Amino acid sequence: MSVLVTGGAGYIGSHAAIALHDSGRRVVLLDDLSNASAAAVDAVRVLTSSDIPFVEGDAADVGLVDDAMGRFGVDEVVHFAASKSVAESVNEPLAYFRNNLGSLLGVLAAMEARGIKRLVFSSSCTVYGEPEVVPVTEASPVAAVNPYGVTKLQGEQLLDVIASAGGLDVMLLRYFNPIGAHLTGSIGEDPTGTPTNLVPLLMEVAVGRRDRLQVFGGDYDTPDGSAVRDYLHVVDLAEAHVAALEALASRPGATAVNLGTGRGYSVLEVIGMAEEVMGRSIAYEIVGRRPGDAERIWADPSFASEVLGWTAQRGLREMIQDHWRWCEAHPMGFETV
Ligand code: WQD
């Protein structure tokens, strides 16, 4: 079996590439490197001791994707290629719709032309917006509240229609908050430009690239007043993609699955864990809330356990330890490789 991983040089894509290789699959990476480094491909090749093919280009380019599928005998696809910053999507909604829906449509057109039916789609807990009730299950109401979340929700709806017509068997994986890095510290999150997510910014403070962290809101109705999220180790997340492909063999149609630990941590708890792991204090100041942020969201992971036979294995300490190992060794990301 040969699996095409679009966005395969990215943070989650590169970790998934390793897990898919370790499952015995031939992996093919495709990435336009708009938010990733070719050094990540080299690192994946070293970690898998294999010369994994890499196709540089846009997943929206049907001809490119079709050619890659033909050349490498692809019979299943994991689709990550998309822009993923909530904040950026608010400023550039059209760019997000063009890229995120365009890349999905490009992949689907190539799959249809080649009769490929198995797809794992990278979705997001942002489809739940600000949930009334936590933990959220897959039956919780969906209400995307920013353009990024809308592209993920529309992607799911589009896939649901195609799957219902019998054209596709697809897992819609709704990620909560991925953090952490491969145990070796040789691949990890390397945001292009200024990060917006909590842990990459916290790590920039830790390596001295940033003076202090801003905590967005200290007046939420949570135990310590800061917002709560379900942080998930990226290697656990990568392994869930292998389980999702395996599950497709016996699960036709479209299936949405939450990928989280089922445990929420507040921003201040994450900072506390980082200070404990690193043995140093992290300078921060509590400022106003960030528009669009949910107060609290974490997953009910029971459906993932039932359908995928998957549960997260790694706790917050290990997530921070592994993320720190990567950042301490690569304070400027892959640029320093
Ligand atoms: C986490 C918490 C912030 C930065 C992300 C992705 C989204 C989805 C889910 C995959 C929030 C607080 C942050 C900072 C802070 N993942 N924070 N200071 O917004 O939950 O969503 O994960 O699809 O795509 O965007 O993640 O890391 O931005 O924020 O206090 O400098 O940290 O307010 O409570 P978020 P985040």
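The values are calculated or read from the model by the stated rules, or taken from the named source; none is laboratory data. Remember, it's a predicted structure, so these values are computed and weren't measured experimentally. For neighbour counting, all protein chains shown are included, and Cβ atoms are generated from backbone atoms with ideal geometry for every residue, glycine included. Quick note on the areas: whole protein, heavy atoms, side chains included, nothing else; ligands and nucleic acids left out. Shrake-Rupley method; radii C 1.70, N 1.55, O 1.52, S 1.80 Å.
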Any idea which of 173, 183 is in contact with a strand residue (DSSP E or B) (Cβ under 6 Å, 6 or more places away or on another chain) and of a type in the set (A, V, I, L, M, F, W, C)?
173
If a residue must be within 24 Å of residue 329 (Cβ to Cβ) and in contact (Cβ under 8 Å) with a residue 12 or more places away in the chain, how many such residues does the range 1-56 contain?
34
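Against the definition (farther than 27 Å from residue 306 by Cα and open to solvent by less than 50 Å² (accessible area, probe 1.4 Å)), how does residue 128 come out, yes or no? Spell out the reasoning first.
Numbers: farther than 27 Å from residue 306 by Cα: no; open to solvent by less than 50 Å² (accessible area, probe 1.4 Å): yes.
For residue 128, the condition - farther than 27 Å from residue 306 by Cα and open to solvent by less than 50 Å² (accessible area, probe 1.4 Å) - is not met.
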When the range 207-237 is checked residue by residue, the ones that are among the hydrophobic types (A, V, I, L, M, F, W, C) and away from the ligand (no atom under 14 Å from the Cβ) are 207, 235
Which one is nearest to the ligand (Cβ to nearest atom), of the residues in the range 182-195 that are open to solvent by 50 Å² or more (accessible area, probe 1.4 Å) and not aliphatic (A, V, I, L, M)?
194
Note on the range 88-103: residues farther than 8 Å from residue 147 by Cβ and in contact with a Phe, Trp or Tyr (Cβ under 9 Å, 6 or more places away or on another chain) are 88, 100
Hey, any hits in the range 306-319 for a residue that's of a type in the set (Lys, Arg), under 21 Å from the mean Cα position of the chain (by Cα), part of a helix (DSSP H, G or I) and farther than 16 Å from residue 230 by Cα?
no
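Within the range 221-232, is even one residue part of a helix (DSSP H, G or I) and open to solvent by less than 40 Å² (accessible area, probe 1.4 Å)? Working first, answer last.
First, the residues of the range 221-232 that are part of a helix (DSSP H, G or I): none.
There is no residue in the range 221-232 that is part of a helix (DSSP H, G or I) and open to solvent by less than 40 Å² (accessible area, probe 1.4 Å).
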Which condition number does residue 106 fail, the rest of (1) within 15 Å of the ligand (Cβ to nearest atom); (2) touching an Asp or Glu at 6+ places or on another chain (Cβ under 7 Å) being met?
(1)
Exactly one condition in (1) touching a Ser or Thr at 6+ places or on another chain (Cβ under 9 Å); (2) buried (at least 17 other Cβ atoms within 10 Å of the Cβ); (3) farther than 21 Å from residue 142 by Cβ; (4) touching a residue at least 60 places away in the same chain (Cβ under 8 Å) is false for residue 59; which is it?
(4)
